[in-house]
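Just dropping this structure here.
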Amino acid sequence: MKKRLLLTGGLGMFGRDAAAIFRESGHEVVPADLPDLDISEKRSVRRWLEDVRPEVVVNAAAYTNVDGAETERDAAFRVNARGAETVAKVCRERGAFLVHLSTDYVFPGEKKEGYLPGDEAGPAISAYGESKLEGERRIAAALPPGRFLICRTQWLYGRNGKNFVDTIARLAAEREFIEIVDDQWGVPTWTKDLAGQLSWLIESGASGFAHAAGGGGPVTWFDFGREIVELLGSKCDVRPMTSEMLERPAKRPRYGWLRNESIPGSLVRHWKESLSTYLEEGKSE
Ligand SMILES: NC(=O)c1ccc[n+]([C@@H]2O[C@H](COP(=O)([O-])OP(=O)(O)OC[C@H]3O[C@@H](n4cnc5c(N)ncnc54)[C@H](OP(=O)(O)O)[C@@H]3O)[C@@H](O)[C@H]2O)c1
């Protein structure tokens, strides 16, 4: 059924594709983002919900700098924990249903067989993960069951943001070899596929917790990178490395695969197929 949606983070990587896909599904979409909407300001959130009167708020607004969050912990919590709570509280005031985007980083990443939506989250192993986990908890405390959907996703790439696929494509054109970590597992997810899955979840009236991600996983970043280079027909040599060698400020889950069996198979494309379509689309732009 056609719904009126307010999409926060509407100018972000997911938000831009999601607005188009939700509209294709027949929904009326009002995207909003900084500086017009600031989810960490209650007055700002209230004003938007009063003006737009959405039936559903899709909260894709977030502080997403995973390494930056280690030193900017307050900024991450302001948006991802307190901002998410503010959106939930205002949704409650206005009777709007909340769909909130979350991440595999709320899990420690120790479950080789992958995480199911019902698995208990935490402990997170990075400041970003902790801030997103706190956001999930605050939403669940602020809204009655049946009035929110927390949808976790992972390894996103899309046309409108900095992402792994574009970075590898650039490096493959510049270098003779690239080293990519081969000890973190997950599944690559194209923002357009995520938006299609989310649209289905909204239409089917799902609530509680869900996972939405690409199919065919789990793989490592090395596997993902090798496929990108192969599809581009590049001669660049792709070599495996360990996470320790990369020395990034934030720890990442080792086994972060999000299993999404509750989504219809027709909406869960194999990640290789989606990647190929994404790269083809890029050539024609
Ligand atoms: N990217 C991934 O791999 C990934 C994986 C799992 C889950 N997620 C989740 O998916 C969602 C969308 O991520 P994305 O990759 O599309 O991120 P993104 O490109 O960084 O988009 C987030 C958007 O939110 C905006 N924003 C930041 N603070 C805000 C605030 N206080 N009020 C309103 N808007 C604010 C950002 O604006 P500025 O750019 O101006 O800051 C940006 O436009 C997030 O919830 C993220 O945690 C992402």
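Coordinate-derived values only; no laboratory data. Remember, predicted model here, so these are calculated numbers, not experimental data. Please note: Cβ atoms are built from the backbone with ideal geometry, for glycine as well, and neighbour counts cover all protein chains shown.
Would the chain count as rounded, prolate or oblate if I go by the C-alpha gyration tensor, calling it rounded below 1.5 in a/c and otherwise prolate when a/b exceeds b/c, oblate otherwise? If you can, show how the numbers build up before the last one.
Details: a/c = 1.74, a/b = 1.48, b/c = 1.18.
Judged from the Cα gyration tensor, the chain comes out prolate (a/c at least 1.5, a/b above b/c).
Students often forget the sequence filter, so: which lysines lie under 21 Å Cα-Cα from residue 2 once same-chain residues fewer than 8 apart are removed?
Answer for residue 2, where 21 Å is the Cα cut-off: 192, listed by chain and number.
Might you report the magnitude of the Cβ-based charge dipole of region 30-186 about its Cα centre, with Lys and Arg at +1 and Asp and Glu at -1, to the nearest 20 debye? Before the final figure, lay out the partial values.
Details: 22 positive and 27 negative charges, 177 e Å.
About 860 debye.
Semi-axes, largest first, in whole Å: what does sqrt of 5 times each Cα gyration tensor eigenvalue give for region 1-130? All intermediate terms of the calculation are to be shown ahead of the outcome.
Values: eigenvalues 134, 64, 38 Å².
Semi-axes (√(5λ), whole Å): 26, 18, 14.
For a quick check: with amide H placed at 1.01 Å from N, whose amide H comes under 5 Å from residue 241's, ignoring anything fewer than 5 positions away on the same chain?
180, 181, 182
Here's something else I'd like to know. Would you grab the residues whose amide H sits under 5 Å from the one on residue 103? Only those 5+ places off in sequence or on another chain, please, with H modelled 1.01 Å from N.
Under 5 Å from the amide H of residue 103 lie the amide H atoms of 153, each far enough along the sequence or on another chain.
About the Cα centre, and with charges only on the beta carbon of Lys, Arg (+1) and Asp, Glu (-1), how big is the dipole of region 217-285? Nearest 20 debye, please.
On the way: 11 positive and 11 negative charges, 60 e Å.
Approximately 280 debye in magnitude.
Measure out, as a whole number of angstrom, how far apart the alpha-carbon centroids of region 75-118 and region 158-183 sit.
Centre-to-centre distance over Cα atoms comes out at 28 Å.
Run the dipole for the chain about the Cα centre, Lys and Arg Cβ at +1, Asp and Glu Cβ at -1, nothing else charged, and hand back the magnitude in debye, nearest 20.
On the way: 39 positive and 43 negative charges, 192 e Å.
Here the chain has a charge dipole of around 920 debye.
Which of rounded, prolate or oblate describes region 89-154 when judged by the alpha-carbon gyration tensor and an a/c cut-off of 1.5?
Numbers: a/c = 2.68, a/b = 1.94, b/c = 1.38.
Because a/c hits 1.5 or more and a/b exceeds b/c, region 89-154 counts as prolate.
Add -39500 (n - 2.57) for each DSSP H run of 4 or more in the chain, then divide by its residues: what number comes out at 222 nm, to the nearest 500 deg cm²/dmol?
Details: 10 runs with 107 residues, N = 285.
One gets -11500 deg cm²/dmol as the mean residue ellipticity at 222 nm.
My understanding is that a pair violates if its Cα-Cα distance is over 23 Å; which of 111/251; 162/283; 89/251; 3/89; 111/162; 42/251 do that in this structure?
Values: 111/251 16 Å; 162/283 17 Å; 89/251 31 Å; 3/89 20 Å; 111/162 28 Å; 42/251 32 Å.
Violating the 23 Å limit, Cα to Cα: 89/251; 111/162; 42/251.
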